[in-house]
1. Any chance you could count how many residues in the range 14-65 are within 26 Å of F81 (Cα to Cα) and either of a type outside the set (F, W, Y) or part of a helix (DSSP H, G or I) (or both)?
2. Would you pick out the residues in the range 36-72 that are in contact with a helix residue (DSSP H, G or I) (Cβ under 7 Å, 6 or more places away or on another chain), under 28 Å from Q21 (Cα atoms) and not small (G, A, S)?
3. Are there any pairs with C-beta distances below 7 angstrom linking a residue in the range 13-34 that is at negative phi and basic (K, R) to a residue that is surrounded by 11 or more Cβ atoms within 10 Å (Cβ to Cβ) and in a helix (DSSP H, G or I), with the two at least 6 apart or on different chains, and if so which?
4. If N77 satisfies every condition in (1) surrounded by 10 or more Cβ atoms within 10 Å (Cβ to Cβ); (2) in contact with a helix residue (DSSP H, G or I) (Cβ under 7 Å, 6 or more places away or on another chain) but one, which is the exception?
Amino acid sequence: MTAPSDPNAPHNPPDPPNWRQPVGMILILILILLWCGIVVSLLDWIVELNFLLQLPIYIFAGIAWIFPLKPLLIWMNTGKFRS
């Protein structure tokens, strides 16, 4: 059983499709590919290090790519780079 619709309630149609989402997704993919290229180019140097020195480098490389995405994700949703 559904509730009866209120004729006085405002009708909020869904937002129209936004061009920023597809462009932002392409930019995210490009950013990830660039980050992978940077890490792979340093791989010969990293492999020569001791495991205890490699570990923080891999942890940093695995987490650091996320931080540049925050302004891009905000832009995709709002159109501004800062919230």
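1. Within the range 14-65, residues that are within 26 Å of F81 (Cα to Cα) and either of a type outside the set (F, W, Y) or part of a helix (DSSP H, G or I) (or both) number 29.
2. V39, W65, P68, L69, L72
3. That search, which allows pairs on different chains as well, returns R20/W75; R20/M76.
4. Only one criterion is unmet by N77, namely (2).
Every residue, every condition in (1) touching an Asp or Glu at 6+ places or on another chain (Cβ under 9 Å); (2) modelled with pLDDT of 90 or more; (3) of a type in the set (D, E), yes or no:
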position	(1), (2), (3)
D6	no, no, yes
L42	no, yes, no
L49	no, yes, no
G62	no, yes, no
P68	no, no, no
N77	no, no, no
R82	no, no, no
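The values are calculated or read from the model by the stated rules, or taken from the named source; none is laboratory data. Only a predicted model underlies this, so the values are computations on that prediction, with no experimental measurement involved. Note: ideal-geometry Cβ built from the backbone for every residue, glycine included; neighbour counts use all protein chains shown.
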